[in-house]
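To keep things clear, I will list the structure first and then write my remarks on it.
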Amino acid sequence: MSAVVELAGVTKEYPGGVAALRGVDLRVEEGELLAIVGPSGSGKSTLLHIIGTLDRPSEGSVAIAGHDVATLADRSLSALRARHIGFVFQAFHLVPGISARDNVAEGLLYSGLSRGERRARAADALDRVGLADRMRHRPHELSGGQKQRVAIARAVVGAPDLLLADEPTGALDSASGEAVMELLHDLNAEGATIAVITHDVEIAERLPRQVRIRDGQVVADTRATVGQGVLAG
Ligand SMILES: Nc1ncnc2c1ncn2[C@@H]1O[C@H](COP(=O)(O)OP(=O)(O)OP(=O)(O)O)[C@@H](O)[C@H]1O
Ligand SMILES: [Mg+2]
């Protein structure tokens, strides 16, 4: 069986000569919950964009759910992304002025499902994240933590093979951040494969696997027992 994510020798050079990634190998198996952790500027977002097929590497290979990204034209890549990957961002990225339910239903836009079915599944997903009583609220009528839960519902409503979260608790107070991390743990326990990008070592250490990145390279890859510290690479 193929991995959900398989990166080999991935480099990324931005115009101007910044080597943001320098030879990254990374394999993520189905059902994993991992942190990609590193300081500001270490290449985390760059790595997320490449895993999420939003950007292509300068060198090296990227396979998502067994599909080699290099062989796909941009249109096929969008289709692959819509089918296999859900995104959660630090700043939520909800559509203003429409309800929580319609925001979640957006996650199924390219699914081929009818509008009614999309709305039904959106309601289920909101229920799943504990927001059954906030379906009709628009983003500005929700708290930060609730907005992030809507964003997570939108990301998982299509049952993607992989959920990518870039600093999902970065804009939240600690209690809301805690609730979001708990939700990610629950979704993982139900089978979701999840990668959380964070600069926060405390968050990272509470996840079953930590991939540490510094200056564009993986410097440690640790599967820790819950509650144990991470070994330095
Ligand atoms: N579009 C771009 N063009 C040129 N250089 C870039 C571009 N995007 C990022 N970089 C550079 O690549 C390096 C890695 O950036 P990246 O955004 O991946 O870091 P990060 O680990 O996500 O940081 P942070 O924690 O601050 O979000 C940085 O040195 C950054 O300045
Ligand atoms: Mg970043």
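The values are calculated or read from the model by the stated rules, or taken from the named source; none is laboratory data. All values reported here derive from a predicted model rather than from experimental measurement. We place every Cβ from the backbone using ideal geometry, glycine too, and count neighbours over all the protein chains shown.
Identify, from the list Gly86, Gly97, Gly41, the residue that is under 29 Å from Arg149 (Cα atoms) and in contact (Cβ under 8 Å) with a residue 60 or more places away in the chain. Walk me through it before giving the result.
Values: Gly97 fails: in contact (Cβ under 8 Å) with a residue 60 or more places away in the chain; Gly41 fails: in contact (Cβ under 8 Å) with a residue 60 or more places away in the chain.
The unique qualifying residue is Gly86.
Looking at Leu162, is it without any contact (Cβ under 8 Å) to a residue 40 or more places away in the chain, among the hydrophobic types (A, V, I, L, M, F, W, C) and under 30 Å from Gly41 (Cβ atoms)?
No: the conditions fail for Leu162.
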For this session: Among residues belonging to segment 26-43 that are surrounded by fewer than 22 Cβ atoms within 10 Å (Cβ to Cβ) and within 12 Å of ligand 1 (Cβ to nearest atom), point out the one that is nearest to Arg214 (Cα to Cα).
Result: Ser42
Exercise. In segment 2-42, what count of residues is obtained for those that are part of a loop (DSSP other than H, G, I, E, B), among the small types (Gly, Ala, Ser) and closer than 21 Å to Ile203 by Cβ?
Worked result: 5
Problem set entry | Hits in segment 1-25 (condition: within 14 Å of ligand 1 (Cβ to nearest atom), touching a strand residue (DSSP E or B) at 6+ places or on another chain (Cβ under 6 Å) and of a type in the set (A, V, I, L, M)) | Val10, Ala19, Ala20, Leu21, Val24
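For segment 44-81, name all the residues that are aliphatic (A, V, I, L, M), buried (at least 19 other Cβ atoms within 10 Å of the Cβ) and within 13 Å of ligand 1 (Cβ to nearest atom).
At the first step, the residues of segment 44-81 found to be aliphatic (A, V, I, L, M) are 47-48, 50-51, 54, 62-65, 69-70, 72-73, 77, 79-80.
Filter once more, keeping what is buried (at least 19 other Cβ atoms within 10 Å of the Cβ): 47-48, 50-51, 62, 64, 69.
Leu47, Leu48, Ile50, Ile51 - these are the residues of segment 44-81 that are aliphatic (A, V, I, L, M), buried (at least 19 other Cβ atoms within 10 Å of the Cβ) and within 13 Å of ligand 1 (Cβ to nearest atom).
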Exercise. When you look at Gln148, is it surrounded by 20 or more Cβ atoms within 10 Å (Cβ to Cβ) and either within 16 Å of ligand 2 (Cβ to nearest atom) or closer than 29 Å to Gly23 by Cα (or both), yes or no?
Worked result: no
For this session: With the checklist (1) under 27 Å from Ser78 (Cβ atoms); (2) modelled with pLDDT of 95 or more; (3) in contact with a strand residue (DSSP E or B) (Cβ under 6 Å, 6 or more places away or on another chain) in hand, flag the one item Pro160 doesn't pass.
Result: (2)
Seminar exercise, completed: In segment 181-204, residues that are assigned to a loop (DSSP other than H, G, I, E, B), surrounded by fewer than 19 Cβ atoms within 10 Å (Cβ to Cβ) and either touching a residue at least 60 places away in the same chain (Cβ under 8 Å) or within 16 Å of ligand 2 (Cβ to nearest atom) (or both) total 3
Problem set entry | One residue from Ser45, Ser78 being away from ligand 2 (no atom under 16 Å from the Cβ), farther than 15 Å from Thr193 by Cβ and part of a helix (DSSP H, G or I) | Ser78
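Go through segment 133-188 and count every residue that is charged (D, E, K, R) and more than 18 Å from the chain's Cα centre (by Cα).
Kept after step one, since they are charged (D, E, K, R), are these residues of segment 133-188: 133-134, 136, 138, 141, 147, 149, 154, 161, 166-167, 173, 178, 182, 186.
Now narrow it down to the ones that are more than 18 Å from the chain's Cα centre (by Cα): 133-134, 136, 138, 141, 173.
Selection size over segment 133-188: 6.
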